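Enquirer: Have a look at the structure that comes next, please.
Read-outs throughout are calculated quantities, based only on the coordinates presented, and are distinct from any laboratory measurement. Not measured: the values here are computed from a predicted model. Positions of Cβ are backbone-derived with ideal geometry, glycine not excepted, and every protein chain shown enters the neighbour counts.
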Amino acid sequence: MSYSQDVLNHLHRRNPGEPEFLQAVHEVLESLDPVLQRHAYYQEARILERIVEPERQLIFRVPWLDDTGQPRVNRGFRIEFNSAIGPYKGGLRFHPSVNLSILKFLSFEQTFKNSLTTLPMGGGKGGSDFDPKGKSDTEVMRFCQSFMTELCRHIGPQTDVPAGDIGVGGREIGYLFGQYKRIRNEFTGVLTGKGLQWGGSLIRPEATGYGCVFFAEEMLKTRGETLAGKTCTVSGAGNVAQFTVEKINQLGGKVVSLSDSAGTIHDPDGIDAEKLAFVMELKNVKRGRIAEYAQTFNCHYLDGQTPWGIPCDGAFPSATQNEISGTDAVTLVQQGCQFVSEGANMPSTPEAVDVFQQHQILYGPGKAANAGGVATSGLEMAQNSMHMNWTRAEVEARLQLIMASIHASAFETAQEYGQPGNYVMGANIAGFVKVANAMLDQGLV
Ligand code: NDP
């Protein structure tokens, strides 16, 4: 039995009931065999056993008062997975589905993603099973204040720097930052995704979506193509989806879908800048459902469905984990899809990934394709520590360079290990080697 298989078997025994975490570890470890065989010192140092175990897992009670004065209780989490190459860094997710398995998967993935960005950031992730949907602003504020009252003792600009994720946008980051500042009496870069007037970076809101589109462009370039004139499907209608649409439009592509947890809109004419402005207002201000788009612009609404049955040249899954099944992947390929760039984290099931690879689809896994968000968070940290702000053009140029470098690193590593075009293997090995070597350098940590 191979070293990685042995570690996986042990992991399954020790972490029953954590399917998302096991899925994420499985996907990484099964790509690492070539590098583990080439360098015996990883096994001798038991690097895999160490790298799959979070350094610290915090779980805490979050009590808060709703608008009727009733006490409510949620569960808060912060997983500090790996600090070998920098302070823990990764978002906070507020969604009713949040549990330990999902946050361990996200923080494990984050460790390798952050390594790929070339910036000095370790891996972490956190959040709560609190659902901001349907809550008033004051309820969200009271929840965020209570959440930060506990979290603030575990984080800091040199220790752990959270950001946003599903259900945590500019509003929530504001409330969280305000409470941190009150308790600690310090104005520091302890969170990223901050408002522009109080330490935020230009392009951070756009970064994940823009970066994911830049990654798709890089993949297409290897086949002498570009996004111009391509029809694309996008899922989700939140932060990542919105700016994915904006950048595809800027590069001459056409986006024909968006979705939320209730259903999908299909607009064959394309979601242009004016329609995108409507979506931003609908989702970020009115907090409404995507079905309203179909009513306003008189296009199809696919109730309860995902966008994967809509014909496209390329797909940008930007909602959540495991949103593309093996069957969806077959449909995508049959309908002519040639590339998939993942804005969401682990949106494709293992069966879907197999289908993409069998059909030589240009497939950019989330840990490479959506790394632009955390990379720009790294740029926000750099600006905070220098007490200065870069221009929009400067940050976007850096983001574009970072995405090109992540692509090159995944592409070249896959080639070096005899699997050209396999971005999953390339990203996993490149991300792993840097973290593993740092751990070796630092002794038994
Ligand atoms: P948002 O909360 O802004 O938007 C999430 C979107 O996905 C919403 O449209 C939401 O619909 C939909 N969605 C969420 N959960 C589900 C579900 N279980 N089934 C169907 N649809 C769902 O989040 P983001 O745009 O920030 O994040 C989207 C994805 O991108 C996540 O996987 C996240 O981890 C990943 N990501 C985000 C980064 C960032 O910088 N924000 C960085 C890197 C990755 P509804 O409103 O109905 O719930």
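Enquirer: Per the Cauchy relation, a quarter of the hull surface: what is the mean projected area of the convex hull of the alpha carbons in segment 365-429, in nm²? Intermediate results must be reported in sequence, preceding the final value.
Expert: On the way: hull surface 18.1 nm².
Taking the Cα atoms of segment 365-429, their convex hull projects to 4.5 nm² on average.
Enquirer: Across bins of 10 angstrom width beginning at 0, how are the C-alpha pair distances of the chain distributed, in whole percent?
Expert: 4, 22, 33, 27, 12, 2, 0
Enquirer: Also, quick follow-up: Taking Cα pairs under 8 Å and at least six residues apart, what relative contact order does the chain come out at, in percent?
Expert: Working: 921 pairs, mean separation 68.3, N = 445.
It comes to 15 percent, rounded to a whole number.
Enquirer: Among all the lysines, which ones have a C-alpha under 26 Å from Lys254's C-alpha, if same-chain residues fewer than 8 places away are not counted?
Expert: Hits, sequence-local ones excluded: Lys221, Lys230, Lys275, Lys283, Lys286, Lys367.
Enquirer: In Å, what is the Rg of the alpha-carbon atoms in segment 63-182, and how long is Dmax?
Expert: 14.2, 48
Enquirer: Compute the Cα gyration tensor for segment 201-278, then decide on rounded, prolate or oblate, letting a ≥ b ≥ c be the square roots of its eigenvalues: rounded whenever a/c is under 1.5, prolate when a/b is larger than b/c in the other cases, and oblate in all that remain. Numbers along the way, then the final one.
Expert: Working: a/c = 1.77, a/b = 1.24, b/c = 1.43.
Taking the square roots of the gyration eigenvalues as a ≥ b ≥ c, segment 201-278 is oblate.
Enquirer: Taking the square root of 5 times each eigenvalue of the Cα gyration tensor, what semi-axes in Å does the equivalent ellipsoid of segment 21-110 have, largest first?
Expert: On the way: eigenvalues 253, 33, 17 Å².
For segment 21-110, the ellipsoid semi-axes come out as 36, 13, 9 Å.
Enquirer: For segment 59-147, what number of Lys pairs, 8 or more residues apart or on separate chains, have alpha-carbon atoms under 26 Å from each other?
Expert: 10
Enquirer: If the convex hull of the alpha-carbon atoms of segment 246-317 is projected onto planes in all directions, what is the mean projected area in square nanometres?
Expert: Values: hull surface 18.6 nm².
With every direction weighted equally, the projected area is 4.7 nm².
Enquirer: Comparing Cys212, Cys152, Cys337, which has the greatest mean-square fluctuation in the GNM of the chain with Cα pairs linked when under 10 Å apart?
Expert: Highest fluctuation of the listed residues: Cys152.
Enquirer: Between Lys133 and Phe187, what length in nm is gained on full extension when 0.36 nm per residue of separation is reduced by their alpha carbon distance? Let's see the in-between values first.
Expert: Values: separation 54, 0.36 × 54 = 19.44 nm, distance 2.95 nm.
That pair, Lys133 and Phe187, stretches by 16.5 nm at full extension.
Enquirer: Here's another thing I want to ask about it. Divide by every residue of the chain the summed helix terms, -39500 (n - 2.57) for each DSSP H run of at least 4, and state the resulting mean residue ellipticity at 222 nm, rounded to the nearest 500 deg cm²/dmol.
Expert: Numbers: 18 runs with 211 residues, N = 445.
Calculated at 222 nm, the ellipticity per residue is -14500 deg cm²/dmol.
Enquirer: Then there is this: Which helices count as membrane-span-like in the chain under these terms: full DSSP H, at least 20 Å along the axis by C-alpha, Kyte-Doolittle mean of -0.5 or more? Please list the in-between numbers first.
Expert: Values: long enough: 100-116 (24 Å, 0.39); 137-151 (21 Å, -0.05); 170-184 (21 Å, -0.84); 204-221 (26 Å, -0.09); 372-386 (21 Å, 0.09); 392-416 (36 Å, 0.03); 423-441 (27 Å, 0.96).
Result, helices passing both filters: 100-116, 137-151, 204-221, 372-386, 392-416, 423-441.
Enquirer: Let me ask another. Order these by the 10 Å Cβ neighbour count, fewest first: Val7, Val330, Val245, Val98. Spell out each step's value before the answer.
Expert: Values: Val7 21, Val330 16, Val245 30, Val98 26.
Final ranking by Cβ density, sparse to dense: Val330, Val7, Val98, Val245.
Enquirer: Let me ask another. Would you mind pulling out the separation of the Cα centroids of segment 152-217 and segment 56-117, in Å?
Expert: Cα centres, segment 152-217 to segment 56-117: 14 Å.
Enquirer: With viscosity set to 1.306 mPa s and temperature to 10 °C, compute the Stokes-Einstein D of segment 11-53, Rh being the Kirkwood radius across alpha carbon pairs; µm²/s, no decimals. Can you show the working numbers first?
Expert: On the way: Rh = 11.2 Å.
For the chosen part, D equals 141 µm²/s.
Enquirer: Still on this model: Connecting C-alpha atoms closer than 10 Å in a GNM of the chain, tell me which of Val333, Val285, Val190 has the biggest fluctuation.
Expert: Looking only at Val333, Val285, Val190, the largest GNM fluctuation is found for Val285.
Enquirer: Counting alpha carbon pairs within less than 8 Å and at least 6 residues apart, what relative contact order, in whole percent, applies to segment 137-187?
Expert: 50
Enquirer: Another question, then. What number, in percent, do you get for the relative contact order of segment 332-416 if the mean sequence gap of Cα pairs under 8 Å and at least 6 apart is divided by its residue count? Display every interim value, and only then the final one.
Expert: Working: 51 pairs, mean separation 23.3, N = 85.
The normalised contact order for segment 332-416 reaches 27 percent.
Enquirer: Rounded to whole Å, give me the distance from the Cα center of segment 309-330 to that of segment 368-403.
Expert: 28
Enquirer: How big is segment 336-445 along each principal axis, measuring the range of its Cα positions in Å and listing the largest first?
Expert: So the three principal-axis extents are 49, 42, 23 Å.
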